[in-house]
């Protein structure tokens with residue numbers, strides 16, 4: 001939640017600041033995905049990352065709708081968690097020479113990003129619902145379901161193809 | 001994966017360095033949990049965090065068994081991801097005055113930690129299995145299941161009790 005968390009006095013504040021946290025996180029994901037796309041070797045993995053880039057753009061748009069519903073201007077707040085997760089993803093992308101081992105590492109790095117989103121959107125959707133902000137909750141749940149699906153797809157791709165090639 | 005990832009040449013290296021990453025992460029969780037226990041108000045939340053402290057100690061022991069099976073001395077490697085996630089948890093724990101809103105934020109912070117472990121243990125278990133390290137995979141899957149259960153319990157507690165009190 002970062003530097004604004006001292007301003008949190010109510011659950012409504014918690015929701016608003018949480019939205020700012022994921023809004024910042026999504027921007028960082030948008031910046032990082034082209035590197036993952038560029039570094040991936042398996043065709044399905046490149047395709048999965050490209051698909052996730054399109055989804056992330058939609059997720060940003062949904063967050064902007066949520067801010068709008070709360071009469072708030074979309075803005076981000078510093079989020080050390082996603083910064084750390086993405087820093088690890090970039091480290092891995094830069095450092096592994098074997099392209100099949102790199103693919104396995106890229107999937108794991110991407111799943112760490114996806115799980116951060118799953119946990120944050122899960123909390124935010126529950127808070128929005130509790131506050132009677134049903135339209136906001138519905139937007140957040142759409143993104144949550146997309147992220148859960150992305151996680152399953154990446155796991156399946158790892159187990160079906162990428163890990164076997166990396167272990168050879 | 002941090003500073004050692006340039007040494008990753010094979011999937012076996014990926015597994016070993018991934019184990020060092022979660023070994024470091026578990027140590028940080030052990031250091032952070034007493035703060036969460038101290039700050040929580042709802043009795044069930046304190047109990048859940050205390051239970052997770054005990055589980056974390058067992059998870060560290062399982063990792064030490066996994067290192068042993070791989071003929072490696074247990075050691076950690078810098079993990080900016082867990083550092084960022086825990087920094088956010090500490091920020092929130094220090095800054096929210098309303099104890100019920102704080103409880104809701106603490107659950108979300110703890111679930112971010114749990115989801116980081118779910119994603120890492122999931123990847124590590126799949127890699128160990130692919131490499132034929134079945135005993136290591138079994139240890140990692142035990143921890144994975146514990147973390148998935150912890151996540152479900154925290155979600156249930158949030159929805160059943162903590163969020164409603166925070167929203168009042």
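Coordinate-derived values only; no laboratory data. Fair warning: this is a prediction, and the values are worked out from it, not measured in the lab. As a convention, Cβ positions derive from the backbone with ideal geometry for all residues, glycine included, and neighbour counts pool all protein chains shown.
Descriptive notes on the structure:
- Acute angle (nearest 10 degrees) that the helix A:80-95 long axis makes with the longest principal axis of chain A, alpha-carbon atoms: 10
- Theoretical gain in end-to-end length, residue A:65 to residue A:53 [0.36 nm per residue, Cα-Cα removed]: 2.4 nm
- Separation of the residue A:35 and residue A:164 label points, Cα + 7 Å toward Cβ, nm: 3.1
- Measuring nothing but alpha carbons in chain A and taking Rh as the Kirkwood radius, the Rg to Rh ratio lands at 1.02.
- 0 to 90° range, to nearest 10: angle between helix A:11-39 axis and chain A longest Cα axis: 20
- Peptide B:97-104 has a mean shielding of 3, counted as Cβ atoms of other protein chains within 10 Å of each residue's Cβ.
- Copy-to-copy label separations for residue A:65, where each label sits 7 Å from Cα toward Cβ, in nm and ascending: 4.8
- Against the rule of thumb 2.2 N^0.38 Å, how large the Cα Rg of the protein assembly as shown comes out: 0.95
- The protein assembly as shown: calculated mean residue ellipticity at 222 nm from DSSP helix runs of at least 4, using -39500 (n - 2.57): -27500 deg cm²/dmol
- Once you reduce the stretch B:127-155 and the stretch A:46-97 to the center of their Cα atoms, the two points are 27 Å from each other.
- Inter-copy separations for residue A:53, label at 7 Å along Cα-Cβ, nm, ascending: 4.7
- Between the Cα long axis of helix A:99-130 and the first principal axis of chain A there is an angle of about 20°, rounded to the nearest 10.
- From most to least packed by mean Cβ count within 10 Å, the peptides A:17-25, A:119-127 give A:119-127, A:17-25.
- Here the stretch A:113-168 is treated as an ellipsoid with the same Cα gyration tensor; its semi-axes, largest first and in whole Å, are 33, 9, 5.
- Distances between copies at residue B:78, taken between label points 7 Å from Cα along the C-beta direction, are 1.8 nm in increasing order.
- For the rotation carrying A onto B, the chain A residue whose Cβ lies nearest the axis, with the distance in whole Å, reads A:84, 2.
- Distances between every pair of Cα atoms in the stretch A:61-155, grouped in 5 Å steps from 0 to the bin holding the largest one, split as 3, 13, 18, 19, 18, 12, 9, 5, 3, 1, 0 percent.
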